[in-house]
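Structure first, then comments.
Values in this text are rule-based calculations from the coordinates and carry no lab data. Since this is a predicted model, take the numbers as computed values, not measurements. Ideal geometry is used to build each Cβ from the backbone, glycine not excepted, and the neighbour counts take in all protein chains shown.
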Amino acid sequence: MTQDDERAQIDEQARDEGRAGDGWAEVSDRLQALALKLKLHLRQVRSGSAGEPAATEAPKGEAAPKGEAPTGEQVEGEVMPRAGEPSGKADGVAEAVEAVRRGIEDAFDAAGNAIRDEAVRADFRELGRLLSSNLSASWSRATEDIKDLLKRR
């Protein structure tokens, strides 16, 4: 093989890889769009729907959701801080654990909402199709490259 033939082959491979890169760029774009939709679902869960108070906050004068202390109210002579406000207590571990629990609960609620969103489902289907197509093309190119390499030896 001459030097010109090798350069032509390298140029052809670069063009093929460039085309493959476009497919992976589309996968990246779809993932970013899907992540944004999932983020919006999480925000909806955290803020409550239609301007209602968030699930972790009770409306003033009402009882807190089951299993949670009321916030901004006096409980046994002590005013409980609102969500996100420091409590001033030495035991921040319990608050941190509660925040993690609420975060996990919110994430699962958001995932449940997203699953029911037809736009998210369509994005997942399209993403699966793109991944399958790009992986197939990449494996095919890798197989051809290996075959070419073995032929040269």
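Under a 5 Å amide H cut-off, with hydrogens placed 1.01 Å from N, residue 48 pairs with 55 among residues at least 5 apart or on other chains.
Could you rank the peptides 36-42, 136-142 by their average count of other C-beta atoms within 10 Å per residue, with the highest value first? Provide the component values of the computation, followed by the final result.
Numbers: 36-42: 15.4, 136-142: 12.1.
Packing proxy ranking, top to bottom: 36-42, 136-142.
Between residue 119 and residue 39, the distance separating the two model label sites (each 7 Å from Cα on the Cα→Cβ line) works out to 1.5 nm.
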